[in-house]
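Let me begin by presenting the structure, written as structure tokens, before commenting on it.
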Amino acid sequence: MYSDNGKISDRQLKILIFLDILSVSVITLPKFNAEYLGDMGWLLPIGAAVFLTISLILISSLAPSLYSGSLLNSLTRLIGKPLAAFFCGGLIIKLTFGLSNDLRIFSEAAKLWLLPSAGLPLTALIALLPCFYGALFSYETRARLSEIFVFIVLIPFAAVFIPCLFKADYNNIFGNFNLSRNIYIKGSLYNCLLITGPEFLLLSFPYLKNPYRLKGAAVSSGLFAFALITIVCFACINLLGADLTASFDFPGAEIMDVFVFSQGKGAVMMSFFYLSVVIFAIGAIFFGGGLLSELTGLKPVFSKLVISIAAYGLSLTCGSITELSRANLCFNLLFGTAYMFVFPLLLNLIIKFKKDD
């Protein structure tokens, strides 16, 4: 179960990738997909899995060349200090924004079902403090926590969504199947960009026992996560209908009250899903703080505090979940595309050309 010498096992890596990708996507993507493609929206995660596989292969291919030190040091040797600092600075921004997005969604959902009388700032603070504390420990600690949390996430998932599949109507699940190829590809790419977690792979290289096995572990975990997201989207759109799914902020949670539990009791089961958000938040603070510490010379504890405060402030800026979703999409069209596809591809090409020379 436990890792050694600060390294994490292949199993721990797979679990971390799975939880990081699942995060809040499992309760938010059904709404986006229903708005974007209506009754056919449940098909978008399938296309997104293809984009995710490409991204994970590009990122994983960097591991053998960049695992011998921190990301900043490895990139400095490869592309020089200014470009390495630019790359890491942008990654800090992405991690901070991703943390603020997940924190806001976590807080809104918790406020809706668990803490209805608490204000959003207090709910967000309560959600953030355990994550900040967890980030003060080693990456190995996060990996060990994930081995516990994954069962607490998967068991409720099976209890909720497997029964929903038996209640679904399979007579017309493909509708008229008159999909525009361009619209489908665009929507699938959006789904891929809206998830969190793949950027952690870039920062996890030094913690791997065998970086050459990263590719298989990353792809298999990513596909498994998107298989579950597809099931959730299908269950929501099929049982609630596309219009009702699009009207809810968190249809992945609403379906529990409607079809599985009596009204309100789904909140208890839904709280277990938030543990995957905690794992992501710990990673964002841990890695974001580590990068900031390297770039600025701040002590790690202070740099992690800076990341936490910045994410907390950002999480309170949007007036509604709808505004947050739009801001998240716009942000990730730029930063998500850059760090999931463009930069990994360029780094792979640089490594290849240097090897050929």
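The values are calculated or read from the model by the stated rules, or taken from the named source; none is laboratory data. As the structure is a prediction and not an experimental result, all values here were calculated from the model. We place every Cβ from the backbone using ideal geometry, glycine too, and count neighbours over all the protein chains shown. Just so you know, the surface numbers come from the protein's heavy atoms only, side chains and all, with ligands and any DNA or RNA stripped out. Shrake-Rupley method; radii C 1.70, N 1.55, O 1.52, S 1.80 Å.
Observations, loosely collected:
- Lysines with Cα under 18 Å of K14, excluding same-chain neighbours fewer than 8 positions away: K209, K215
- 16 Å tail of the calculated P(r), the stretch 10-108, as % of Cα pairs: 72 percent
- Most mobile listed residue (A218, A253, A338) in the chain, GNM with C-alpha springs under 10 Å: A338
- Kirkwood analysis of the stretch 151-241, using all unique Cα-Cα pairs, places the hydrodynamic radius at 16.0 Å.
- Summing Lys and Arg as +1 and Asp and Glu as -1 over all other residues whose Cβ lies under 10 Å from the Cβ of K31 gives a net charge of -3.
- Computing Rg and the Kirkwood Rh from the Cα coordinates of the chain gives a ratio, Rg/Rh, of 0.96.
- When the Cα positions of G222, C236, W113 are compared along the charge dipole of the chain, G222 comes out farthest toward the positive end, with charges on each C-beta of Lys, Arg, Asp and Glu.
- Stokes-Einstein D for the stretch 60-152, Kirkwood Rh over Cα pairs, 4 °C, 1.567 mPa s (µm²/s): 80 µm²/s
- Counting only protein heavy atoms and a 1.4 Å probe, the chain has 42 square angstrom of accessible area per residue.
- Neighbourhood charge, 14 Å Cβ-Cβ cut-off, centred on F335 and excluding it, Lys, Arg +1 and Asp, Glu -1: 0
- Scaled against the 2.2 N^0.38 Å expected of a compact globular protein of N residues, the Cα radius of gyration of the stretch 272-357 reads 1.41.
- Sequence-distant lysines (8 or more away, or on other chains) whose Cα lies within less than 18 Å of K81: K354
- Reduced Cα scattering model of the stretch 73-213, Debye log10 I(q)/I(0), q = 0.09, 0.13, 0.16 Å⁻¹: -0.50, -0.98, -1.26
- Between I183 and L334, the contour length at 0.36 nm per residue exceeds the Cα-Cα span by 52.5 nm.
- The alpha-carbon positions of the stretch 122-173 define a convex hull whose volume is 131 Å³ per residue.
- Apportionment of accessible area to carbon and sulfur, the chain, percent (1.4 Å): 67 percent
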